[in-house]
Every structure is written in C-alpha cells, then in structure tokens.
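A short write-up of the structure that comes next.
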Amino acid sequence: MKYRRLGSTGLDVSVVGIGTWQFGGEWGREYTQAEADAILDKGYELGMNLIDTAECYGDHLSERLIGDYLSRRNREDWVVATKFGHRFHDLFSRTDAFDAAAVLAQLDASLKALQTDYIDLYQFHSGPDAAFDNDELWTTLDKQIEAGKIRYLGTSIGSNDNLHQTQASTKVGSRAIQVVYNRLERQPEERVFPSCEEQNLGVLARVPLASGYLSGKYKPGAVFAGNDVRHRHDAEATRRKLEEVERIGREEVPDGVDMASWALAWCLKHPAVTTVIPGCKDPAQVEANAKAAELVVEPHPQDV
C-alpha cells in the first residue's frame, strides 16, 4: 500500500480506501456485522486506513456497522470520513437537512453510531450552493472542531463541475473535495482539479469504478435488482457506458491486468487525486482494489 497526505490536513491516507455505501443496503444486498468485519479486516491487513461513510447510508446503518467494528479494534489505526446534510427515509429516499441545528444533531448521531469521540473528516454532502453558503453552518462546525468532535472538514460536491463550492473551500475551512472521478467521467479535470491543486485540497475520488461498470463484469444489457441503486440509472446511458467499457478493456487495459485494479490506478495517476474510495462487496474485492497501489509507480506530489 502507498500513502498520501490529504491536502493541508495532517492525515496520511492509503491511496485506496474503503467506500461503505453498500453497507446501507442500496447495492443489492444487506450486510451482517460479520460480513462488514471481514471487509474491514481485509482492508486493514492490506494497509488500507481510510473508511468513507455517510449519515444517510441506511439512516446511520453503515456507520453503526463500522462503529461496532471500531469498538473491537484500535480506533487510531483508521481515518474515518463521514458526511452530513441528509435525512434518510427509505431506500433511495432522502431529504436535505443542512441547517446548523440539524447538522449538530446528525454529528452527535454519527459519533454515537461510529462509537467514537471524533470524526477525522466531516464532509458537506452533495448539497446545494445556498446551503453551502450559510455562514452559520460553518461557524457551528468550527466550534465542533474546537470541541474536539471533528478534526477536519471536507466537501463532497454533488456536481462534478461545482467550482463554486470548490473555490470557496479555503474560505469555509474545508480541506478536501470528494468528487465522482473515473475513466468514464473526467469532467473534474477541467476546473475542479486545478482549483484543488491551487488551494492544496485533498481529493477523494468516489465512484472510481463507475458504479462497478469499470470492473469489466457487466455486459451491455445488464439488469439490476430493485434494491440495487443501479436499477435507477438510465438504461440507454448504461448500455453506452458498458459498450465503452468493452472498448477500454480491449484497447487500454494491459494484458493480464485486472480491469478494476487498472481503473483505480488510472485515477490515482492524476496529480490532484489523493485517494480512491471504491465500494467492495466482499474481502476478495477489497484485495482486487488494493492491487491498484502496485500499478502506480510514478512519483506523485502527495506521496509520503
């Protein structure tokens, strides 16, 4: 495993982290505590130290699975990133809750679920600019940093081209940007990444496998179950993406290299990207994800 400094924070994170939206039950299955433990233990074994979750992945369900795990392990071994701003109602159903009072309640609920006294990276979760521009919110969060509940703030931008929130990061004290970035979605390269580099913001690339499409496991025409978020994707757009994935597999992925590992390494080669946070259904997928670190051989400006 390799490690990079996350922007201007004091956090050194593994270049491959563990995304845990799947623990919330919206990726085709539910998880037992033992299954979550196995995924996290495999990540630890392979040198991963970053867990990314959110309050609305199953109404703190993902956080509770992680918290139960952390309660039986060394909390200091992990960099825990979670998010705020949504209220979970049911599968694929949320409403916004970005006002300061609501976020304070979410923070306390997240700390309880995660069974920890502090969150390493607390991220504004894909909210509108009007909610982001609320000074009261950031003042309230600054007080939580002073109280020791939060170490650093971050922003998970909803649009891959949200330059407004990216450019305002330093002003509000946000030290990292989380954004969708993968071989099929390169828009952040145009405006968001240059702003991140200019401000020394860490970058967490989410959906680095394009919702699993860049794993190479799915063919055009693939159908997903009703409890899998991908069943909500436009069928024609998905077909085109999977056709492009087939082309990439033929023309860009070296012989003998696993496509998922290649796709993660592809993201990590960009000088703005600190880490990728792919989801993983089981320990075998964690192992495949970790191999991406071996494929990144060039020096990177954030290497430690």
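The values are calculated or read from the model by the stated rules, or taken from the named source; none is laboratory data. Small disclaimer: the values here were computed from a predicted structure and weren't measured. As a convention, Cβ positions derive from the backbone with ideal geometry for all residues, glycine included, and neighbour counts pool all protein chains shown. Protein only, heavy atoms only, side chains kept; ligands, DNA and RNA dropped before computing areas. Shrake-Rupley method; radii C 1.70, N 1.55, O 1.52, S 1.80 Å.
Per-structure values
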item: Close pairs from the stretch 105-118: first at negative phi and exposed (fewer than 15 other Cβ atoms within 10 Å of the Cβ), partner of a type in the set (A, V, I, L, M, F, W, C) and not in a loop (DSSP other than H, G, I, E, B), Cβ under 8 Å, at least 6 apart; result: ASP117/LEU111
item: Flag for ALA235 being touching a residue at least 12 places away in the same chain (Cβ under 8 Å) and either surrounded by fewer than 19 Cβ atoms within 10 Å (Cβ to Cβ) or out of contact with any Asp or Glu (no Cβ under 6 Å at 6 or more places or on another chain) (or both); result: no
item: Of residues in the stretch 198-227 being free of Cβ contacts under 8 Å to residues at least 12 places away in the same chain and within 14 Å of TRP27 (Cβ to Cβ), the one most open to solvent (accessible area, probe 1.4 Å); result: LYS217
item: Close pairs from the stretch 133-160: first touching a residue at least 24 places away in the same chain (Cβ under 8 Å), partner surrounded by 16 or more Cβ atoms within 10 Å (Cβ to Cβ) and among the charged types (D, E, K, R), Cβ under 6 Å, at least 6 apart; result: ARG151/ASP120; TYR152/ARG175; SER156/LYS83
item: Residue among GLU136, GLU146 that alone is open to solvent by 20 Å² or more (accessible area, probe 1.4 Å), touching a helix residue (DSSP H, G or I) at 6+ places or on another chain (Cβ under 7 Å) and of a type in the set (D, E, K, R); result: GLU136
item: Inter-residue pairs, beta-carbon under 6 Å, first open to solvent by 40 Å² or more (accessible area, probe 1.4 Å) and in the stretch 180-197, second assigned to a helix (DSSP H, G or I), 6+ apart; result: LEU184/LYS241; ARG191/LEU163
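So that you can scan it fast, the table gives a plain yes or no per residue for (1) open to solvent by less than 70 Å² (accessible area, probe 1.4 Å); (2) more than 25 Å from THR82 (Cα to Cα); (3) small (Gly, Ala, Ser); (4) at pLDDT 95 or above:
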| position | (1), (2), (3), (4) |
| --- | --- |
| ARG239 | no, yes, no, no |
| HIS270 | yes, no, no, yes |
| GLY279 | yes, no, yes, no |
| VAL286 | yes, no, no, yes |
| GLU294 | no, yes, no, yes |
